[in-house]
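Have a look at the structure below, then the notes.
The values are calculated or read from the model by the stated rules, or taken from the named source; none is laboratory data. Here the structure is a predicted model, which is why all the values come from computation and not from measurement. Using ideal geometry, Cβ is built from the backbone for each residue, glycine included, and neighbour counts are taken over all protein chains shown. Surface areas here come from the heavy atoms of the whole protein model, side chains and all, with no ligands, DNA or RNA. Shrake-Rupley method; radii C 1.70, N 1.55, O 1.52, S 1.80 Å.
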Amino acid sequence: MSLIENLEIMNTLFDIIWDKHVVQIVKDGPTQIYIDRLYCHEVTTPQAFDGMRARGIKCFRPEQIICMPDHNTPTHDQDKPIEDPISKKQVDTLAANAAEFGLAHYAMLDKRNGIIHVVGPERGLSMPGMTIVCGDSHTSTHGAMGAVSFGIGTSEVEMVLASQCILQQKPKSMRISVEGSLGKGVTAKDIALFIMSKMTTSGATGYFVEYAGSAVKNLSMEGRLTLCNLSIEMGARGGFIAPDETTFEYLKGREYAPKGKDWDVVVAYWKTLKSGADAVFDKEIVFKAEDIEPMVTYGTNPGMGMGISQAIPALDTIPASGHASYLKSLNYMGFKPEEKLLGKKVDYVFCGSCTNGRIEDFRAFASLVKGHKKAKDVVCWLVPGSWMVKQQIEDEGLDKVLEAAGFEIRQPGCSACLAMNDDKIPAGKLAVSTSNRNFEGRQGPGARTILASPLTAAAAAITGVVTDPRELI
Amino acid sequence: MKKKFNIIRSSCVPLPLENVDTDQIIPARFLKATSRDEKFFGDNLFCDWRYNSDGTPNSSFVLNNPAYKGEILVADKNFGSGSSREHAAWAIAGYGFRVVISSFFADIHKNNELNNFVLPVVVSESFLAELFESIAADPSTIVEVNVPAQTVTNMATGHSESFEINGYKKYCLMNAMDDIDFLLQSKDKIESYENRNNGYDSPGRGANHGC
Ligand code: SF4
């Protein structure tokens, strides 16, 4: 075997995709990387477009840029003007910028609109082997398609608008494998919350993560999107899964996926996209799927998670330097060390977001509540991640199942995930949420958030308390 | 904003809390702004800690303590975790900080600071702990950040460490030049990259027209 072949089998998939996109390596500096796809939403782009105007330049490759509002869009009456003047201004500004710079724009109510990280994969805009960026930390989601996809800041959005490139240091690579089969009621979300609870919120900082192992391989595309979505919550630059038959099956026939002969050509290429048998990662971690149970968070960062049957860690299990933040966090949540969350009264349930706002999430939610009734005192927001997901819910008759159990489906958007629209959890209220962040005030000032899977959220929605979904399956 | 960096000597503002996330640096509601008015973001840096719910300054928060001022923010480890919002860096720059010292920065935030002419300086945990002590003992403690030499010095103790910054960023900071200025000069390289990589080998291009 020649040396070259040896080197090839030592390459990680991350290396392969990254190296293919290098425009130049700046001396004693970053690497200039070519970007195949830029997504723009209304919150992190206005200042980038302003910068473009100030410099008097046009977009370098407008056809590779897709814009859509999602963070501020209301989840009801989208046909009426947005009431909040500031939200309206952001949404209008994106539309105006897209028109001025000649970019595709999926406006509110457009059937292609929704949360970018839901829309990109479902329209076939995000594909294996691509480099994808967006001014949004959950851009890691698209990594599930076998792409190198990561969040960037607004200055970097401006770089891509101006040159279709960004300047980056090449991150280190890490492989996280989850081997074995998942237990009953354990979902991709639980895998992610479990990994984060072991890795902490900074455990993967500086790394790009490849997820592997039989439990990951066996996930559906929706499950993979959920897993990759949460990569950023352990500090990783991004996370991805090598494309395989599941990926190709998912993409086939989607709006922007190549068709006919082109499809065969591209699939042949995609099949080459995998880490070499002897690939060397800077760090390798293996978890056992059997160790994972449905997960809940008890604190104010997503790394503060535990199995739903467990108790909040005792103070003496935390390093002394972290005691102040730990107690501050539990105090905010109104919880005490060593207490269990099972049975805690829940005020709000939110199912949605780019983490768990896909069709499979609503199938899971509906399967659990079928034949039950929503708990009287719980306010429940079910928010599809896109109009396409909403349509699928209706096509599959899930809306009927949900309605019969006392739930209604709202219109798509980010909604209570970050509460930029009207969907704010009131101060002091406890929410079980399928979104991705339980930070102080994230879901509304003073809101207390428990992150969980759609199944666990559904269980709380019908019992009114934190409940192990396995009891209801 | 685009001010040349050389040697900065300043007193510091201490924030001895771990895991300060970008939601705390600038709460999500400020993401609604459609301009990057520095004063606006600077005025709302650490908003929820800095002001009471009635909008009056919270006297127990460090930014409202006149004893602490200067161009250097000293923060505990894992500063800037969470959301990638660049607004956090605008708020820090807008407030007038030119340097943030910590033992660990979240990745994206660190990059955002550099892109906005704020220098993140990573120091050892012991240097940081000593610096917090010096500042607690004397709020007027001066720190010197020497960008050309890449050193940071606690003038109260004389202890000094070197810090990392890549040659390219250092050049940019010292010349007040930004990344876009650089990229715009590399158009020919980008076009030759595109010519080498077109077709379905690079499915990013060619496949998404008609929208
Ligand atoms: S759903 Fe939440 S995390 Fe996802 S893009 Fe919207 S605000 Fe960000």
Of (1) open to solvent by less than 10 Å² (accessible area, probe 1.4 Å); (2) away from the ligand (no atom under 14 Å from the Cβ); (3) without any contact (Cβ under 8 Å) to a residue 24 or more places away in the chain, A:Ile86 satisfies all except one. Which? (1)
Determine if segment A:176-199 includes at least one residue that is of a type outside the set (A, V, I, L, M), in contact with a Pro (Cβ under 7 Å, 6 or more places away or on another chain) and under 30 Å from B:Ala89 (Cα atoms). no
Considering segment A:64-81 alone, what residues qualify as being without any contact (Cβ under 8 Å) to a residue 40 or more places away in the chain and surrounded by 14 or more Cβ atoms within 10 Å (Cβ to Cβ)? A:Cys67
Pairs only if they're at least six apart or on different chains, beta carbon under 9 angstrom, first in segment B:148-164 and within 10 Å of B:Val121 (Cβ to Cβ) and touching a residue at least 12 places away in the same chain (Cβ under 8 Å), second surrounded by 15 or more Cβ atoms within 10 Å (Cβ to Cβ) and of a type in the set (Phe, Trp, Tyr); list them, first residue then second. B:Gln150/B:Phe163; B:Thr151/B:Phe163; B:Val152/B:Phe127; B:Val152/B:Phe163; B:Glu161/B:Phe127
Identity of the residue in segment A:410-429, away from every other protein chain (no Cβ under 12 Å) and surrounded by fewer than 22 Cβ atoms within 10 Å (Cβ to Cβ), that ends up farthest from the ligand (Cβ to nearest atom): A:Gly428
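Taking A:Ser155, is it at pLDDT 95 or above, away from the ligand (no atom under 16 Å from the Cβ) and either over 23 Å from A:Val209 (Cα atoms) or open to solvent by 10 Å² or more (accessible area, probe 1.4 Å) (or both)?
Working: at pLDDT 95 or above: no; away from the ligand (no atom under 16 Å from the Cβ): yes; either over 23 Å from A:Val209 (Cα atoms) or open to solvent by 10 Å² or more (accessible area, probe 1.4 Å) (or both): yes.
No, not satisfied.
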If I ask for residues that are away from the ligand (no atom under 16 Å from the Cβ) and among the β-branched types (Val, Ile, Thr), which ones from segment A:360-388 would you list? A:Val369, A:Val378, A:Val379
Members of segment A:164-189 that are among the charged types (D, E, K, R) and either within 13 Å of chain B (Cβ to nearest Cβ) or out of contact with any helix residue (DSSP H, G or I) (no Cβ under 8 Å at 6 or more places or on another chain) (or both): A:Lys170, A:Lys172, A:Arg175
Filter segment B:107-118 down to the residues that are part of a loop (DSSP other than H, G, I, E, B) and in contact (Cβ under 8 Å) with a residue 40 or more places away in the chain and list them by number. B:Asn116, B:Phe117
Does segment A:280-298 include one or more residues that are modelled with pLDDT of 95 or more, within 16 Å of the ligand (Cβ to nearest atom) and surrounded by 23 or more Cβ atoms within 10 Å (Cβ to Cβ)? yes
In segment A:262-278, anything modelled with pLDDT under 95, among the small types (Gly, Ala, Ser) and assigned to a loop (DSSP other than H, G, I, E, B) is listed as A:Gly276, A:Ala277
In segment A:451-459, is there at least one residue being open to solvent by 10 Å² or more (accessible area, probe 1.4 Å), farther than 18 Å from A:Asp377 by Cβ and assigned to a helix (DSSP H, G or I)? yes
Scan of segment A:215-238 for residues that are within 21 Å of A:Ile359 (Cα to Cα) and open to solvent by 10 Å² or more (accessible area, probe 1.4 Å), ordered by number: A:Lys217, A:Asn218, A:Leu219, A:Ser220, A:Glu222
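Which of the residues belonging to segment A:236-255 are more than 16 Å from the ligand (Cβ to nearest atom) and part of a loop (DSSP other than H, G, I, E, B)? Full working, then the answer.
Here is the first cut: in segment A:236-255, the residues more than 16 Å from the ligand (Cβ to nearest atom) are A:237, A:240-255.
Hits for segment A:236-255 are A:Arg237, A:Ile241, A:Ala242, A:Pro243, A:Asp244, A:Lys252, A:Gly253, A:Arg254, A:Glu255.
Does segment A:14-27 include one or more residues that are part of a loop (DSSP other than H, G, I, E, B) and open to solvent by 40 Å² or more (accessible area, probe 1.4 Å)?
Quick first cut of segment A:14-27, residues part of a loop (DSSP other than H, G, I, E, B) only: A:21, A:26-27.
Checking which are open to solvent by 40 Å² or more (accessible area, probe 1.4 Å) leaves us with A:27.
Within segment A:14-27, one or more residues are part of a loop (DSSP other than H, G, I, E, B) and open to solvent by 40 Å² or more (accessible area, probe 1.4 Å).
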I'd like to check something: does segment B:169-190 contain any residue that is out of contact with any strand residue (DSSP E or B) (no Cβ under 8 Å at 6 or more places or on another chain), open to solvent by less than 50 Å² (accessible area, probe 1.4 Å) and more than 30 Å from A:Val148 (Cα to Cα)? yes
Filtering segment B:11-26 down to residues that are surrounded by fewer than 20 Cβ atoms within 10 Å (Cβ to Cβ) and outside any loop (DSSP other than H, G, I, E, B) yields B:Ser11
Per the list (1) in contact (Cβ under 8 Å) with a residue 12 or more places away in the chain; (2) open to solvent by less than 10 Å² (accessible area, probe 1.4 Å); (3) more than 16 Å from the ligand (Cβ to nearest atom), residue check on A:His142 breaks on (3)
Note down all Cβ pairs under 6 Å where the first residue falls in segment A:36-59 and is at the interface with another protein chain (Cβ under 9 Å from one of its Cβ atoms) and closer than 15 Å to A:Gly102 by Cβ, the second is away from the ligand (no atom under 13 Å from the Cβ) and of a type in the set (Gly, Ala, Ser), and they're at least six residues apart or on different chains. A:Ile57/A:Ala162
A:Glu122 being more than 13 Å from the ligand (Cβ to nearest atom), open to solvent by less than 20 Å² (accessible area, probe 1.4 Å) and closer than 22 Å to A:Asp36 by Cα: yes
Just to be sure I understand the filter: pairs with C-beta atoms under 8 Å, separated by 6 or more residues or on different chains, first member in segment A:344-373 and open to solvent by less than 30 Å² (accessible area, probe 1.4 Å), second member more than 16 Å from the ligand (Cβ to nearest atom) and modelled with pLDDT under 95. Which pairs pass? A:Leu368/A:Ile473
Taking the condition of being assigned to a strand (DSSP E or B) and open to solvent by less than 50 Å² (accessible area, probe 1.4 Å), how many residues in segment A:377-409 meet it? 5
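Taking the residues in segment A:28-77 that are in a helix (DSSP H, G or I) and among the polar types (S, T, N, Q) as candidates, determine which candidate is nearest to the ligand (Cβ to nearest atom). So that I can check it myself, show each step before the final result.
In the first step, residues of segment A:28-77 are kept if they are in a helix (DSSP H, G or I); the result is A:46-55, A:62-64.
Still in the list and also among the polar types (S, T, N, Q): A:47, A:64.
Working: A:Gln47: 18, A:Gln64: 20 Å.
By that ranking, first place goes to A:Gln47.
Return yes or no: is A:Tyr211 under 21 Å from the mean Cα position of the chain (by Cα) and open to solvent by 10 Å² or more (accessible area, probe 1.4 Å)?
Details: under 21 Å from the mean Cα position of the chain (by Cα): yes; open to solvent by 10 Å² or more (accessible area, probe 1.4 Å): no.
Considered against the rule, which asks whether it is under 21 Å from the mean Cα position of the chain (by Cα) and open to solvent by 10 Å² or more (accessible area, probe 1.4 Å), A:Tyr211 comes out as no.
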